[in-house]
Amino acid sequence: MIYRICFIITLFFSQAFSEDYLWPIKAKREITAVFGEERPGRYHTGVDIRTFGEIGYHLVAIDDGYISRIRTSSKGYGKTIYLTLHDGNTAVYAHLDHFTPEVDNLVNALHEDYGKYTIDHKIDPDDYPVKKGDLLGYSGDTGGVSGPHLHFEIRDGYGQPVNPFQYSLDLPDNLPPEAESIAVIPLDENAIIDGFSEQKIFPLQKINDNEYVLADTIFAFGNIGIAIKTLDKISGQHFNFGIYSINLLLDAQFIYSMQYNKIDWGDASKIYTERSYSLAREGYGKYYHIFSHHENQSLPFINSKSRQGFVFDQKIVHDAIIDILDFAGNKIEIRAYFVSDTLPYFDYSTKFHENNCTITFKADEKVRPQFYLTEPISTDQLIPTEYYEMGDNTFLIENIIPPFNVLQISGKNSSGISSPPTFHMKPQQDFENINGEFNIKHYEQGIFISFKENIFSGMEAFLSLKKEGKLYSHQLKRDSKLTLTSGILSPSNLENVTELKIYYESSTPYEIFSMELSGDIIYPDSSFQIELLDGQLLLTGKAHTFYDTTFVWSRSVNTSQPKEGQIIAGPYFLKPYLIPFNNEIQLDMAIEPIYTTSNIGIYYYNQKKFEWNYLPSQLASDSMYISTSILSGEIFAVIEENNPPKLSDFIPDLNGTYYSSDLEHISFNVIDSFSGLEGETDVIVKLDDNPVVFEYNSYQNKVRYPLKYNLKKGAHTLYVQASDRVGNRTIIKGDFYIK
């Protein structure tokens, strides 16, 4: 209780003593993103203010100060203005369409001086002083944007981003955050959650707008952490937002607290120590960790006393309270209960007789059995079935016939707690119709190898690892009707393993599936260079690319062919897929000599959008490999592409005739739908054989050059060259006329 009171007082004073800044844009107070939200590999360091698909809204000085810096680029923040304020903070306005005429004149002169469009120029304090409310420029869609908006930041005197809502720039809000589910995450190899070693998601039940509860008690043992899937709503706003603060108490003891008031630029790569990378990659959405990590305890928004999970090792019930707040102080409370124990398992035997089955529980077992019939294929349909009590804790089930010939058994003990389900079928020796596929999941706490059957076998199975000519066996546990999973393995278990095999236990062990494995171990404190798939892939990286010892592996996969190219190497799925990289890894992919002069590049496959995306690539000096830098495990391929960029909508029209006073600029559209353009450096524009410094708007796919003077009468030559990122080139040259 004391902690909560202190938090509320801190929140009150941080707002009460903040500067009274103006809203930075003459537009409706509607936002699309807040400070601290997750972006790929980084944090969102400001607020995004909506401009409703339009450009040209007035941007104003939020307080007295001076323009201290100007940037223009076809990437990133696009056209950006930095306003240093009288209190030492700096306000950043990004993605502008244009500046004021005075600043535009300066920028045009700087473009000519630098000889390029991309500039980053600092300005003396006395050159461009401004007063609170002065016009600074106009909102736009320049740089790396998905649509017109204003990205606005406040940076402190050290240049670090701080939450703009601390400075009277927040919005009226009486809506609390919302929560959907919690994930319970094993943090070491001995942790068990509801009978399993993998992370597990539990839905939350909403009691009212401010209270949620976990409907079921969670059985957990060992060192575990909690993550929460949550979002914020703001009154009158039409989007979902990131939350501001999370606090966790366990048995009334402080466990974790964070509050997004400040973020340091150098901490961007640590975002996935504070957010769940693996849950997002598995398609479960965005989860906030409610436990600290040994690499993030210095993050400025996490309480330094926060704990790295908690150990459940005594058979007692634990009460967890999670408070989630937005900046306005609206709060929800989530209660969850944990039992420091494993789920009950009942000791019983099954015996099949033709189409019947008898189930006998251990004599002293007090159980309320639950029996269902299901199909042996991938379906969740369950049919409750009648049973007969035969005495001596024995039960009889009749008429177990196809297609519902798989028996699912579970039960409740005297406390009403259900055991995990088990699955049974009349023993068979016909394995011909059984097949399946391996799945290797590498989490930070270890590795799980699972085998998913295409049809239920009803057999016990084990995993065989072939290493240096020897076989090492691991018993598999049936996690669900069709899935068999190993216990948690360490990366060292897979060192030098070249093949995985699945065997069923029978009078003669029967191999049903095998898979080659090509991988190696990377140690956190060592740099590395490893070779995979007989030299088809080379990986080179620095020390501390991973926080812990990690197994890296790859295999060939099948994907769709790109619409505008041809795969010439790969595709290869490089893993781990569920662990983030802290540093870039250089990936080299072998290519045939015939392709070394072709328009080729390395691409990764976006499995959500089913499309290939280019990665900046470079041929090695010996032309046997092509290389790129990667920050995650993905499906990679080398793709040859021969479609050049398309140029259209020229102003002036080639062969057209104009009055000089009517022609204010040169512009055209440039589109490359596959590898794309790197930026303005991939475009060359010459007027009468003289290169010009133009603006390239990557969102609009538009090149524009404002004419500085009226052109003379007569013929003028326009030369345009556009190259995509793999070297395909389009050149258009022609004359237009001034009369």
Restricted to the range 247-270, and to residues that are in contact with a strand residue (DSSP E or B) (Cβ under 7 Å, 6 or more places away or on another chain) and charged (D, E, K, R), which residue is surrounded by the most Cβ atoms within 10 Å (Cβ to Cβ)?
LYS262
Out of curiosity, is PHE327 over 30 Å from MET459 (Cβ atoms), assigned to a loop (DSSP other than H, G, I, E, B) and of a type in the set (A, V, I, L, M, F, W, C)?
yes
PRO176 fails exactly one of the following numbered conditions: (1) within 30 Å of GLY88 (Cβ to Cβ); (2) at pLDDT 95 or above; (3) part of a loop (DSSP other than H, G, I, E, B). What is the number of that condition?
(1)
State which residue pairs qualify: first residue not assigned by TED's automatic domain parsing to the domain that holds GLN475 and of a type outside the set (A, V, I, L, M, F, W, C) and inside the range 442-463, second residue buried (at least 20 other Cβ atoms within 10 Å of the Cβ) and outside any loop (DSSP other than H, G, I, E, B) in any location, beta carbons under 6 Å apart, and separation of 6 or more residues or different chains.
none
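Can you say whether PHE650 is buried (at least 16 other Cβ atoms within 10 Å of the Cβ), touching a residue at least 60 places away in the same chain (Cβ under 8 Å) and within 20 Å of VAL552 (Cα to Cα), as far as the supplied structure shows? Break it down stepwise before answering.
Working: buried (at least 16 other Cβ atoms within 10 Å of the Cβ): yes; touching a residue at least 60 places away in the same chain (Cβ under 8 Å): yes; within 20 Å of VAL552 (Cα to Cα): no.
Spelling it out, it is not the case that PHE650 is buried (at least 16 other Cβ atoms within 10 Å of the Cβ), touching a residue at least 60 places away in the same chain (Cβ under 8 Å) and within 20 Å of VAL552 (Cα to Cα).
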Does ILE207 satisfy being among the hydrophobic types (A, V, I, L, M, F, W, C), in contact with a strand residue (DSSP E or B) (Cβ under 9 Å, 6 or more places away or on another chain) and closer than 30 Å to HIS318 by Cα?
yes
Report those strands (runs of 3 or more DSSP E) wholly inside the range 425-489 carrying at least 2 residues which are surrounded by 17 or more Cβ atoms within 10 Å (Cβ to Cβ).
436-443, 446-453, 461-467, 483-485
If SER617 satisfies all but one of (1) within 26 Å of the chain's Cα centre (by Cα); (2) within 25 Å of VAL497 (Cα to Cα); (3) modelled with pLDDT of 95 or more, what's the number of the condition it fails?
(2)
Restricting the range 512-545 to residues that are part of a loop (DSSP other than H, G, I, E, B) and of a type in the set (S, T, N, Q), the residue that is surrounded by the most Cβ atoms within 10 Å (Cβ to Cβ):
THR545
Scanning the range 554-573 for residues that are surrounded by 15 or more Cβ atoms within 10 Å (Cβ to Cβ), hydrophobic (A, V, I, L, M, F, W, C) and either farther than 18 Å from SER627 by Cα or touching a helix residue (DSSP H, G or I) at 6+ places or on another chain (Cβ under 6 Å) (or both) gives ILE568
Please name all residue pairs, on different chains or six or more residues apart, with Cβ atoms under 6 Å, provided the first residue is in the range 390-419 and is within 18 Å of PHE456 (Cβ to Cβ) and the second residue is aromatic (Phe, Trp, Tyr) and surrounded by fewer than 17 Cβ atoms within 10 Å (Cβ to Cβ).
ILE397/TYR387
Do we find a residue being under 21 Å from SER181 (Cα atoms) and either acidic (Asp, Glu) or in contact with a Phe, Trp or Tyr (Cβ under 8 Å, 6 or more places away or on another chain) (or both) anywhere in the range 365-375?
no
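Somewhere in the range 62-71, is a residue surrounded by fewer than 17 Cβ atoms within 10 Å (Cβ to Cβ) and of a type in the set (D, E, K, R)?
Of all residues in the range 62-71, those surrounded by fewer than 17 Cβ atoms within 10 Å (Cβ to Cβ) come to 64, 69.
Restricting the remaining residues to those that are of a type in the set (D, E, K, R) gives 64, 69.
Taking every residue of the range 62-71 in turn, at least one turns out to be surrounded by fewer than 17 Cβ atoms within 10 Å (Cβ to Cβ) and of a type in the set (D, E, K, R).
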Going residue by residue through the range 678-691, is there one that turns out to be assigned to a loop (DSSP other than H, G, I, E, B), within 17 Å of HIS111 (Cβ to Cβ), among the hydroxyl-bearing types (Ser, Thr, Tyr) and at pLDDT below 95?
no
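Could you list all residues from the range 36-59 that are of a type in the set (A, V, I, L, M) and surrounded by 20 or more Cβ atoms within 10 Å (Cβ to Cβ)?
Just the residues of the range 36-59 that are of a type in the set (A, V, I, L, M), to begin with: 47, 49, 55, 59.
Result: VAL47, ILE49, LEU59.
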Wholly enclosed strands (runs of 3 or more DSSP E) of the range 622-664 bearing at least 2 residues polar (S, T, N, Q) and within 21 Å of ASP724 (Cα to Cα):
625-630
Please determine whether any residue of the range 723-733 is in contact with a Phe, Trp or Tyr (Cβ under 8 Å, 6 or more places away or on another chain), at pLDDT 95 or above, surrounded by fewer than 18 Cβ atoms within 10 Å (Cβ to Cβ) and more than 30 Å from GLY565 (Cα to Cα).
no
Suppose we keep only residues that are among the hydrophobic types (A, V, I, L, M, F, W, C) and touching a Lys or Arg at 6+ places or on another chain (Cβ under 7 Å) within the range 693-717. Which one would you say is surrounded by the most Cβ atoms within 10 Å (Cβ to Cβ)?
PHE694
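Return yes or no: is SER378 touching a residue at least 60 places away in the same chain (Cβ under 8 Å) and within 47 Å of the chain's Cα centre (by Cα)?
Working: touching a residue at least 60 places away in the same chain (Cβ under 8 Å): yes; within 47 Å of the chain's Cα centre (by Cα): yes.
Here the answer is yes, as SER378 does meet what is asked.
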Can you name every residue in the range 175-205 that is without any contact (Cβ under 8 Å) to a residue 24 or more places away in the chain and either of a type in the set (S, T, N, Q) or farther than 27 Å from ILE447 by Cα (or both)?
GLN205
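The values are calculated or read from the model by the stated rules, or taken from the named source; none is laboratory data. Just so you know, these numbers come straight off a predicted model, no measurement behind them. All Cβ positions, glycine included, derive from the backbone under ideal geometry; neighbour counts span all protein chains shown.
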